[in-house]
Amino acid sequence: MIHSILKKETLSKEDLIYLLSCSKDEEKILFDYSEKIRINTIGRNVYLRGLIEFSNICTKDCLYCGIRKSNTTIERFQVLKEEIVEAAEFAYKKGYGSIVLQSGERCDELFIDTIDDILKKIKKISNNELGITLSLGEQNKETYQRWFNSGAHRYLLRIEAADENLYNKIHPNDENHLYSRRYECLKYLQDIGYQTGTGVMIGHPFQTIEDLADNLLFFKKFDIDMVGMGPYVEHQDTPLYKYKDTLISQKERLNLSLRMIACLRILMPDINIAAATALQAIDPLGREKAVQIGANVIMPNITPTYKRKLYNLYENKPGGDEGKEEIHQLLIERLKQIDYCVPNDLWGDSKHYFERIKKGD
Ligand code: 5AD
């Protein structure tokens, strides 16, 4: 059965459901196939992005997230502008081709101006060479355009749940958390010319295998260039925590995440797929496992050390200092051992983006 599905030109919702719930024996065939597709389409490169999580101050109240506005149990922090630029400089010198700037969501003027300034500074200190991905949530179109003009060229904005009803179950139902707004923002990003990334959490309360298949089809329909998705990990200071006993085990969530990545690689062979940090929260080698079945991007955390523990989106979030030389080298070594390579100084853009742009001309 699995062989006949994998031979198909495109995968239907039913096919995806089959693959996501296949037997352990069939899983091996699925993983071998997705790895083969990846190697044939985009090769064995793994691109590193230095991730800088510079603030946990957030105006949103997402029901799953540990840094949600209503969580008064955490200390809020903001890394200084100079320190962010320093971290970027460190990444540049280390040969990371690019960085990701991520934080809680804010859209006040001070925040927008500060980001703009940081982008210009990073571009300057790196001779325009360092690639910059932003992951700063929903903004208006002018802001996205301004940041694009100042040097950002990729943007990650997870849809979190492609189905609007499900989206509403994991977000507060108010004007500040509209599915339609999230969708519109993704469209803005694409229109402006960003390489556009999205993603979902896997195994959160209320989500079914059907929802997961729909998420994959959403990425395809939206013609997305990059995807980051990983297991949902409960956080005790969030409203969704009360559903923890309804969840599949963390190990199963990890396995389901790997299957999602494998299916997505088959569905969209030339996009960038990140091995999310949450994979590592469940299994220390979770990211490497994802690389072996189709992921081609890893985002080591290079946030200045003293703040890192406070960016606590979920429990057991890895706080390892991947900016440290030994840890950086270890990751590269482990990837080499499984026959993947980490090129220096490349942006590692999504091949799909260039195909999409060509099609649009
Ligand atoms: N488990 C896993 N991922 C989470 N995120 C937020 N909270 C959790 C959680 N409890 C993810 C969201 C968000 C990204 C920055 O972190 O998908 O988009």
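The values are calculated or read from the model by the stated rules, or taken from the named source; none is laboratory data. Since we're looking at a predicted model, the values are computed, not measured. Glycine gets a Cβ as well: all are built from the backbone with ideal geometry, and neighbour counts include every protein chain shown. Just so you know, the surface numbers come from the protein's heavy atoms only, side chains and all, with ligands and any DNA or RNA stripped out. Shrake-Rupley method; radii C 1.70, N 1.55, O 1.52, S 1.80 Å.
Under the condition of being of a type outside the set (A, V, I, L, M) and within 13 Å of the ligand (Cβ to nearest atom), which residue from segment 225-235 is nearest to Ala295 (Cα to Cα)?
Gly228
Can you tell me which residue within segment 156-168, out of those that are over 19 Å from the mean Cα position of the chain (by Cα) and either without any contact (Cβ under 8 Å) to a residue 40 or more places away in the chain or closer than 16 Å to Gln139 by Cβ (or both), is most open to solvent (accessible area, probe 1.4 Å)?
Looking at residues that are over 19 Å from the mean Cα position of the chain (by Cα) and either without any contact (Cβ under 8 Å) to a residue 40 or more places away in the chain or closer than 16 Å to Gln139 by Cβ (or both), I get Asn165.
Across segment 204-215, which residue is farthest from Asn272 (Cα to Cα) among those that are open to solvent by less than 10 Å² (accessible area, probe 1.4 Å) and within 16 Å of the ligand (Cβ to nearest atom)?
By that ranking, first place goes to Pro205.
Being in contact (Cβ under 8 Å) with a residue 60 or more places away in the chain, in a strand (DSSP E or B) and either surrounded by 17 or more Cβ atoms within 10 Å (Cβ to Cβ) or away from the ligand (no atom under 16 Å from the Cβ) (or both) narrows it down to one of Glu83, Glu35, Glu53, Glu75, so name that one.
The match here is Glu53.
Being part of a helix (DSSP H, G or I), surrounded by 22 or more Cβ atoms within 10 Å (Cβ to Cβ), among the aliphatic types (A, V, I, L, M) and in contact (Cβ under 8 Å) with a residue 60 or more places away in the chain narrows it down to one of Ala290, Ala262, so name that one.
Within the list Ala290, Ala262, the selection yields Ala262.
From the set of residues in segment 86-118 that are among the basic types (Lys, Arg) and not in a helix (DSSP H, G or I), which is surrounded by the fewest Cβ atoms within 10 Å (Cβ to Cβ)?
The extreme case among them is Lys94.
Across segment 265-286, which residue is nearest to the ligand (Cβ to nearest atom) among those that are within 21 Å of Tyr353 (Cβ to Cβ) and part of a loop (DSSP other than H, G, I, E, B)?
The qualifying residue nearest to the ligand (Cβ to nearest atom) is Ala276.
Give just the number: which of (1) within 12 Å of the ligand (Cβ to nearest atom); (2) out of contact with any helix residue (DSSP H, G or I) (no Cβ under 6 Å at 6 or more places or on another chain) does Lys251 not satisfy?
Condition not satisfied by Lys251: (1).
List pairs: first residue in segment 231-242 and closer than 26 Å to Leu258 by Cβ and assigned to a helix (DSSP H, G or I), second residue aliphatic (A, V, I, L, M) and more than 8 Å from the ligand (Cβ to nearest atom) anywhere in the structure, Cβ distance under 7 angstrom, at least six positions apart or on different chains.
Leu240/Leu63; Leu240/Ile170
Condition check: more than 17 Å from Leu157 (Cα to Cα) and more than 14 Å from the ligand (Cβ to nearest atom). Does Thr238 satisfy that?
In short, no.
Let's see how each residue does on (1) touching a residue at least 40 places away in the same chain (Cβ under 8 Å); (2) among the polar types (S, T, N, Q); (3) farther than 30 Å from Glu234 by Cα:
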{"position": "Thr246", "(1), (2), (3)": "yes, yes, no"}
{"position": "Leu256", "(1), (2), (3)": "yes, no, no"}
{"position": "Ile302", "(1), (2), (3)": "yes, no, no"}
{"position": "Tyr314", "(1), (2), (3)": "yes, no, no"}
{"position": "Gly323", "(1), (2), (3)": "yes, no, no"}
{"position": "Leu330", "(1), (2), (3)": "no, no, no"}
{"position": "Glu333", "(1), (2), (3)": "no, no, yes"}
{"position": "Val342", "(1), (2), (3)": "yes, no, yes"}
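Checking Leu186 against (1) in contact (Cβ under 8 Å) with a residue 40 or more places away in the chain; (2) within 15 Å of the ligand (Cβ to nearest atom): exactly one of these is not met. Which one?
Single failed check for Leu186: (1).
Could you list, in sequence order, all residues of segment 320-351 that are at pLDDT below 90, open to solvent by less than 30 Å² (accessible area, probe 1.4 Å), in a loop (DSSP other than H, G, I, E, B) and of a type outside the set (D, E, K, R)?
Gly323
Taking into account only those residues within segment 127-171 that are on the phi > 0 side of the Ramachandran plot and not polar (S, T, N, Q), which is nearest to the ligand (Cβ to nearest atom)?
Taking the candidates together, the pick is Glu160.
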